[in-house]
C-alpha cells in the first residue's frame, strides 16, 4: 500500500469515527424522543458563559477605545500648546528688539514719526501676543527658578539676598507654561 492510500484510508476511518460519535451524542434521548434535561442545561450554561465572555470582552474594548480617544485629544492639545509656544518664541525676539529701539529712540523732533511708528508696531505685536494668551512673567520680589533665570548675582546693600535686582530680558508664559524665562540679576 502506498502512503497516499494509507492516508486516505486513515482519514476515512477518522470521518467514520467522528460520525459514530455524533450519532452517539444524538442518541442520548429518552424513550419519548427528547434530549435529556441535563444535556440541554449544559448547553444553556455553556452558551451563557460564552455570552458573558463576549460581553465582557466587548466592554473592555469599548473602554479601551474611549481611553484611546481621550489620550489622543490630550496629545493634540499638548501638541498645539507646544507648537504655539515655539512660534511665539520667534516673535518674542522681535518684541525684544522693538523694546530696545523704543528705549534708545532718538531725541530729535524730526524722528518723531519714526518713533510713533515703532511704538505702534510694538503695541500691535503686544496685543496679538495677549490675544494668544501670552503674559509677562512677574519680576518683582523673590527669585523663582521655575520662571526666572539668574545670569548673575551682585551684592546690593539695599536689597536682601534672593531678591531680583534688575531684569535683563523679560520672560513670558502662556497659562502656567513658561515660554521663555525672565533673565534677571539677583542680590546675594
* **Check on residue 89, modelled with pLDDT of 90 or more, in contact with a strand residue (DSSP E or B) (Cβ under 9 Å, 6 or more places away or on another chain), under 30 Å from residue 177 (Cβ atoms) and part of a helix (DSSP H, G or I)** => yes
* Residue count, the stretch 129-147 (criterion: in a helix (DSSP H, G or I) and out of contact with any strand residue (DSSP E or B) (no Cβ under 9 Å at 6 or more places or on another chain)) -> 2
* Test residue 146 against the criterion of being out of contact with any helix residue (DSSP H, G or I) (no Cβ under 6 Å at 6 or more places or on another chain), farther than 29 Å from residue 82 by Cα, surrounded by fewer than 15 Cβ atoms within 10 Å (Cβ to Cβ) and at pLDDT 90 or above, and give yes or no. => no
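The values are calculated or read from the model by the stated rules, or taken from the named source; none is laboratory data. Every value quoted in this text rests on a predicted model; they were computed, and no experiment measured them. Note: ideal-geometry Cβ built from the backbone for every residue, glycine included; neighbour counts use all protein chains shown.
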